[in-house]
Amino acid sequence: MAQILSGPFKNQTGETNSSSETLYNPVNTVTLDIGFVMVILAFCGLFMENFLGLNLSSMHCWVLAASGCIGIYNGLSTDRELSMKLNFAVGIFFILNAVLGFAVGEPGIDRGVMNVPDEMVLNVAPGFLELSTKDHILHAVIGVLFLIEAFAFMYKIRHKRNEIL
């Protein structure tokens, strides 16, 4: 089984790649893990809106689930350039979401935990999609993780191109 996961594989043209080119490398594995965690978080949020103290409305859960599915796809994909671009786009989306929340969030009620006052509530759609400080922190962490993975993919792509030259 370990040989299947770490050994050489054939690409679409039927050529066998070198042993350094594996089907599942650490970059893919971390991206896959991030995707699974996001999908599980979204699934739990559909049943418990205040799961882990977050404001997980149905809209927020769908965004997390869709982003998690992109992460899973990137983790299973062997197309590194596409994975890099998708990870970069998702990372920028979440970073911008966090920055927007911290920049224009206003005092309000954090509905995630017992209606506690919060200084950074972003009411995207009041009553439907409200993001609190904890949500902004989660978005910043997710964004940073996806950007790290995008840059890791970029490093792998450049390193592979330099080997060819």
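A few points about this structure:
- Phi-based couplings in Hz for the stretch 89-98 (Karplus 6.51, -1.76, 1.60; Gly and Pro marked x): 5, 5, x, 4, 4, 6, 5, 4, 4, 5
- For S83, S67, S77, order by how many other beta-carbon atoms lie within 10 Å, fewest first: S77, S67, S83
- For E49, no residue 5 or more places off, or on another chain, has a built amide H under 5 Å of its own.
Throughout, read-outs are computed from the coordinates displayed, never taken from laboratory work. Just so we're clear, the structure is a prediction, and the values are computed from it rather than from any experiment. Methodologically, a virtual Cβ is constructed for each residue, glycine included, from the backbone with ideal geometry; neighbour enumeration extends over all protein chains shown.
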